[in-house]
Structure formats: structure tokens, C-alpha cells
Amino acid sequence: LAKQMGAIAAISGGFFLYSEPDIELPSKRTDPVGLLVSDGTSVGPPVFRRSTILQTKGENGCRDIGLDKVGMEGVTCTFTFKSTNNKSTEHTMKLIVGQDKVQCIHRGNAEEVMIEENHYGLSIIGNTVVPRKLASSSTVMPVPLAGFVFVFPQSLFPNEIDLIDDDLTIGVTYELPRPYNNVENAIAGGPMFFSDHCENGCPSMDLPSEDFKGSAPPVTFSQDETHDHNLLPRMGVGIAKSGGDEQLVCVAVDGRNLDRALGLTLQGTSDLLRSLGCQKAMNLDGGSSKRMVIWDPNLEMHKVVCLSTTEIKANAGENKGGSGQATAEPSRPVHSAILFVPGDEK
């Protein structure tokens, strides 16, 4: 991918469904967990309020990089309703999460939700609205693994739409609230390691505050019984200041290799980014998903500069360690990534 896009470097991105035991359709393995925006298009909504690396475009055309916690609160959800019996008729409904008793219930809250009388509950995964239920009396709905149940009062629903019409199809899009409404690219991870200048007073290294709780994916974080004593491969990013400029610092921590690298805890990765001069830093997906690729001008080729770990896929020699030599270990395929592509001075 880095070669195709002309990137000078690339790192693995955010969490995605992979080894969870209860992945059920329409969820599927490789679905993103949390906010994912690519070239202005929302691939996955911010189901969980988690630390996110964001790229925004300012009024002067400059692209800025920031780290912040982004969730569903204040997100505008636009629903489009179409009936296959009447394709010429289309209705829309806009609702804002957190207003007029509109709420989103995810796996960090509960595995099922009771829809009260005179309310609707829509089960949503990404941009897909799955089979819905009308609650004329108390109804229990299961909460999808990486999605949410969208609950709102019946009074907000347009009267001309028959929600229980079997031929009705529903689409949904999302608009982030200010100051994130001009985000071009974003990938959620978490937790936030630290923030020296957090305007929102957000706590650092507080997993429950970022919805790493209950059965929210990945459960290796939400149900970590080791209390951050696992030494694992890690991927972290931070923002450091050099003079008057800000720099994005990326670290790929090798692990699961008794001869060369045991790995780090989350706190250890946080300490590493702090030692590199970062004022703000967060975690991205690590473990077997961790990957860093750099363009080598001497060899005129891209190479993986971190140790691969034992997982599935990849031909022998597909990954190269820090020495640039082919390695025989397979690696897990990566399903979201951050590419560093040369551009103009802006």
C-alpha cells in the first residue's frame, strides 16, 4: 500500500475486529473499531469515545495533526429511508446524539438494551442499519459488537414513514460536531497516554473513560486482568514541539521475541514517548497488528523496519526486520494504516 500510494513511511492504524469470539453478521472480521475517516469519508463512526489521531484542513489550506478523544456525543446522524415499492419517494431524518433524549448504547455500556415504550431502537454497524424493532412495549435489543443501538423517542420519527415496512431500506451517515467537522482523516485507538495541555480535562491512561470496559472490543483491553502487566508489541504516536513547530512522533515497539525484544506495557510505551519529548501521546493497535514501513533511498525500496510477530498470512520473506533481511515468520494482515505521503509545503 505504501508503494502504491507513494508514501515515504507507513504505520499500522487502529483497532479492528479480529479474534473476538462473538462476531456475528452483519459484523465481520476486520470491521474498524471506533472512528475511521478516510479522505473526508466516514468509514466508521466514533462508537466509543476514544483517543483519536486527526488530520484537519484549516482555512489557509494547512493540514494540522491533533490527538483528542472523540465519541458520539453531538454527532449528527442523517437517516435516509427508501421503500422498494416506491423508489421515487425518499425521506430523511436528522438527529443529534445527546439532544432530545437521543442516545447511543454500545458494548461498553451493555450487551443488550431495553427499549422503552414509545421509543424506537435501531441496531447500527458502521453505515448499515440492521433489522430494526419498533417498541410499542418494552423490548430488549442486543447491542452489536462494534456497533451501537440508536435509541430515540417515537415523536421524533416522521409520520409518513412506516418503520416496520419489510421493503424499507435505511441508510445512515454521520457528521462530527465542531471542532471535528472539518476532519479529513482520522483513526481511533486509545488510551491517551498523557496530555500536558488538555483543554477538556481528559484523564490519561484511564481505560474505562475511553469505553474500554464491559465487552467493548478489543476485550484484551476492556477485560485486562493483568492490569497492564503484559509485555507486548506496541504502536504509539505523540506530538512534540521543536522550536515553534510541532512534530508527529511514531514508535513501533517490538515484542514477543525472547532473543531480541520482550515488548512493553502501555505505561512503558507512554514513558518512551515522554522521553522522546512528546507533550501529548496515545496508543494505536499493537500486538500482531503492529507494523512500520519506511522508504529506504539507498535500496530504493520500502521495507518493514520492525520485527514481525507470529500470526497468519504472508509468504516467507514478505516481512523484513530492522536489518532489512527477509524473515520467515508470518504476520497478521493490517486493515487500517496511516500513510505519510509527500505533499506541498502546506
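The values are calculated or read from the model by the stated rules, or taken from the named source; none is laboratory data. Small disclaimer: the values here were computed from a predicted structure and weren't measured. We place every Cβ from the backbone using ideal geometry, glycine too, and count neighbours over all the protein chains shown. Surface areas here come from the heavy atoms of the whole protein model, side chains and all, with no ligands, DNA or RNA. Shrake-Rupley method; radii C 1.70, N 1.55, O 1.52, S 1.80 Å.
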| request: Could you do me a favour and compute the accessible area per residue for segment 144-232, 1.4 Å probe, result in Å²? | output: 48
| query | In debye, nearest 20: dipole of the chain around its Cα centre with unit charges on the Cβ of K, R (+) and D, E (-)? | reply | 660
| Per residue accessible area of segment 1-87, 1.4 Å probe, in Å² | 48
| query | Any idea of Thr84's accessible area? Nearest 10 Å², probe 1.4 Å. | reply | 80
| request: Could you order peptides 241-248, 139-146 by the average number of other Cβ atoms within 10 Å of their residues, highest first? | output: 139-146, 241-248
| message | Given the -39500 (n - 2.57) contribution per DSSP H run of 4+ residues, what per-residue ellipticity at 222 nm results for the chain, rounded to the nearest 500 deg cm²/dmol? | response | -1000 deg cm²/dmol
| remark: Between Val249 and Asp39, the two model label points (7 Å from Cα along the beta-carbon direction) sit apart by a distance in nm of 3.3
| Going by alpha carbons, how many degrees (0 to 90, nearest 10) lie between the helix axis of 266-275 and the longest principal axis of the chain? | 60
| P(r) for the chain: what percent of alpha-carbon pairs falls in each 20 Å bin, starting at zero? | 29, 54, 17, 0
| Extension gain, Asp228 back to Lys101 (0.36 nm per residue minus Cα-Cα distance, nm) | 42.1 nm
| Fraction of accessible area attributable to carbon and sulfur, the chain (%, probe 1.4 Å) | 48
| said: Need one number for segment 1-149: average projected area of the convex hull over its C-alpha atoms, nm². | reply: 12.6
